[in-house]
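Report on one structure; see the data block that follows.
The values are calculated or read from the model by the stated rules, or taken from the named source; none is laboratory data. In this text the structure is predicted, and so the values were computed from the model without any measurement. Cβ coordinates were reconstructed from backbone atoms using ideal geometry, including for glycine residues, and neighbour counts include every protein chain displayed.
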Amino acid sequence: MDLLQSFLNASPGAVAQGMLWGIMAIGVYLTYRILDVADLTVDGSLATGGAVCIVLMRMGVNPWVALLCAFMAGALAGMLTGLLHTRCGIPAILAGILTQLALYSVNLRIMDGRANTAINVNKYDLLVSQRYAQELSLDNPLVLLAIFLALLIALLYWFFGREYGCAMRATGANQNMARAQGINTKWVITIGLMLSNGLVAVSGGLVAQYQGAADVNMGRGAIVIGLAAVIIGEVLFSKAFRNFALKLVAVVIGAVIYYLVLQMVVLLGLDTNDLKLLTALIVALFLAVPYWKNAIPKKIAGKGKGHA
Amino acid sequence: MLEIKGIYKTFNAGTVNEKIALKGVDLHLKEGEFVTVIGGNGAGKSTMLNAIAGAYEVDDGSILIDGVNVTHLPEYKRAKYIGRVFQDPMMGTAATMQIEENLALAARRGKLRTLRSGITSTERENYREKLRILGLGLEDRMTSKVGLLSGGQRQALTLLMATLQQPKVLLLDEHTAALDPKTAAKVLEVTEKIVTANNLTTLMITHNMRDAIAYGNRLIMMYDGKIVVDISGEEKRKLTVEQLLDLFSKASGSDEANDKMLLS
């Protein structure tokens, strides 16, 4: 019962973290699912967002403006990956890794050479803070995050129903077809990467505020967490949620579940150093299951059409 | 409408895999001409179509569509003038998108894509009508994902998409080759209907000599990167498969007329 009690005590924090990282997971969904590009820029652009946001806020910039700047910094990172990929012929994964590596240095520059920049909740007007995660008040980060996510999902839902958004979906679905329909796929992919990394950086800016510091390593493994959220959301809700907006909601719920499970295993006594190993194993398993599902019945029944 | 002047294309130039695919192709298509293209494997048929579409640039020569020099335009910019149906039914449509969304994408071919609605209700009604003409029952499944359709249905849909906005040139790259005979016949029938109704300038590659003779008002045969036979008008109407085989062996200067790719 103690365990349950401490789990319940910790869960508002886990839910808040899930929602914070859910914003990033939506960014990952845009590239991984819609554009069909595995973009590893994320690990770097998350920290870029955190660094830009915290440094600007410490300079007295309004937190919303700082967050907007974080978005733009992330979008620039996405643009670099996009240009490396579409204009230099570098495979998307490698382009992302290159940007991510470069961003490590850039992020240190942004934070004036320090690996870590703190922001004090007493001195600054933070949008979200861990301190209020348990409180029943409007300061509770869950309130702002819920509104923010609702608006974000509504905006993306609107965008992907527009001509340009449809062109982006078509590019992810079939580049040949997209080009035959007059879509400049190179540019569309670049814009998609910018949008995605912009969102990831916003997530980074909010995560940094929530935990009270930006850290040059805060994005390590972010892509895997993002994939975990996307996959958990899909496994649990793909039957029920067919609408695009609901699919994005599923991604956020996936991130929340991921953090709740993490919370649980930590309470059960898992060494926090082993968390990344556990995450990688879980994601590998979830990625493998659909493959096995497709492969096994084919062998047994000897039928079923593979699809691209 | 389409003017090809002396185009050359070599793949993997300077390597052991060097392949000269086009060796100076000249072709002039008048408006409304429906040309069937035949030739053995490696004759350069698909290379010519892809060169027109801009999938790759030619090494030499020029391509003009309706007077516009498109030789150096990237594929997506040429799309404004060109409707295409590929051999692979998977290639012409976005499988994860709905039938009506695919049509809406095609309706905006060559136009600036903005933040206007991706598909309007007037468009939907228009698409429903057009799908009804195909006679495949797709008008009742407009919100189905294209991935759920059969190969034949996808080719018919791609054909409709290619012609939704009247193209200056319609390129059909063996678009019935991956289909079973019955479906292929159906898709060809739809092709003829659409081409005739819109008076489309069309290039259709086929491996089937009977189809090459039965459809269109002009026939060209390619061999070794060149156009070796060009027949139209009355002569084309009277053409038989035997004559065609004969023409082929003369043009290629060998007995390769029995090339099994040509006999079907």
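Here are the numbers:
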| item | result |
| --- | --- |
| Only listed residue being exposed (fewer than 15 other Cβ atoms within 10 Å of the Cβ) and within 14 Å of chain A (Cβ to nearest Cβ), chosen from B:TYR56, B:TYR76, B:TYR81 | B:TYR56 |
| Selected residue (criterion: nearest to B:MET161 (Cα to Cα)) from residues of the stretch A:171-190 that are of a type in the set (A, V, I, L, M, F, W, C) and more than 7 Å from every other protein chain (Cβ to nearest Cβ) | A:ALA178 |
| Matching entry among B:THR158, B:THR176 (being under 29 Å from B:ASN102 (Cβ atoms), surrounded by 23 or more Cβ atoms within 10 Å (Cβ to Cβ), in contact with a Phe, Trp or Tyr (Cβ under 8 Å, 6 or more places away or on another chain) and at pLDDT 90 or above) | B:THR158 |
| Residues being at the interface with chain A (Cβ under 7 Å from one of its Cβ atoms) and touching a Lys or Arg at 6+ places or on another chain (Cβ under 6 Å) - total across the stretch B:86-95 | 1 |
| Condition met for B:THR71 (free of Cβ contacts under 8 Å to residues at least 40 places away in the same chain, within 12 Å of chain A (Cβ to nearest Cβ) and polar (S, T, N, Q)) | no |
| Test: residue in the stretch B:25-35 that is under 16 Å from the mean Cα position of the chain (by Cα), on the phi > 0 side of the Ramachandran plot and either assigned to a loop (DSSP other than H, G, I, E, B) or within 14 Å of chain A (Cβ to nearest Cβ) (or both) | yes |
| Residue within the stretch B:182-190 that is among the acidic types (Asp, Glu) and away from chain A (no Cβ under 14 Å) present | yes |
| Test result for B:ILE99, in contact (Cβ under 8 Å) with a residue 40 or more places away in the chain, crowded, with 23+ Cβ neighbours inside 10 Å and more than 9 Å from chain A (Cβ to nearest Cβ) | yes |
| Helices (runs of 4 or more DSSP H) fully within the stretch A:195-308 counting 3 or more residues that are farther than 27 Å from A:LEU3 by Cβ, at pLDDT below 85 and hydrophobic (A, V, I, L, M, F, W, C) | A:275-301 |
| Unmet requirement for B:HIS207, which otherwise passes all of (1) at pLDDT below 90; (2) assigned to a helix (DSSP H, G or I) | (2) |
| Residues that are touching a residue at least 24 places away in the same chain (Cβ under 8 Å) and either buried (at least 17 other Cβ atoms within 10 Å of the Cβ) or within 14 Å of chain B (Cβ to nearest Cβ) (or both), drawn from the stretch A:125-140 | A:LEU126, A:LEU127, A:VAL128, A:SER129, A:ALA133, A:ASN140 |
| Among residues of the stretch B:108-149, those that are within 12 Å of chain A (Cβ to nearest Cβ), without any contact (Cβ under 8 Å) to a residue 40 or more places away in the chain, under 26 Å from B:THR183 (Cβ atoms) and not in a helix (DSSP H, G or I), counted | 0 |
| Helices (runs of 4 or more DSSP H) enclosed by the stretch A:1-107 - at least 1 residues per element that are touching a strand residue (DSSP E or B) at 6+ places or on another chain (Cβ under 9 Å) | A:42-58 |
| Qualifying residue in the stretch A:36-43 (condition: closer than 9 Å to A:ALA201 by Cα and either hydroxyl-bearing (Ser, Thr, Tyr) or crowded, with 24+ Cβ neighbours inside 10 Å (or both)) | yes |
| Condition check for A:MET168: crowded, with 22+ Cβ neighbours inside 10 Å and either more than 14 Å from every other protein chain (Cβ to nearest Cβ) or touching a residue at least 24 places away in the same chain (Cβ under 8 Å) (or both) | yes |
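Quick grid of which residues meet (1) closer than 14 Å to A:GLY27 by Cα; (2) without any contact (Cβ under 8 Å) to a residue 24 or more places away in the chain:
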site	(1), (2)
A:MET218	no, no
A:ALA228	yes, no
A:LEU236	no, yes
A:LEU246	no, yes
A:VAL256	no, no
A:GLY269	no, yes
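One line per residue, one yes/no per condition, for (1) surrounded by fewer than 16 Cβ atoms within 10 Å (Cβ to Cβ); (2) away from chain B (no Cβ under 14 Å):
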position	(1), (2)
A:LEU142	no, yes
A:PHE148	no, yes
A:ILE153	no, yes
A:TRP158	yes, no
A:GLY192	no, no
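Condition check ((1) within 19 Å of B:LEU105 (Cβ to Cβ); (2) of a type in the set (Ser, Thr, Tyr); (3) under 21 Å from the mean Cα position of the chain (by Cα)) across all residues:
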position: B:LEU131; (1), (2), (3): yes, no, yes
position: B:ARG141; (1), (2), (3): yes, no, no
position: B:GLN155; (1), (2), (3): yes, no, yes
position: B:ALA162; (1), (2), (3): yes, no, yes
position: B:LEU172; (1), (2), (3): no, no, yes
position: B:LEU179; (1), (2), (3): no, no, yes
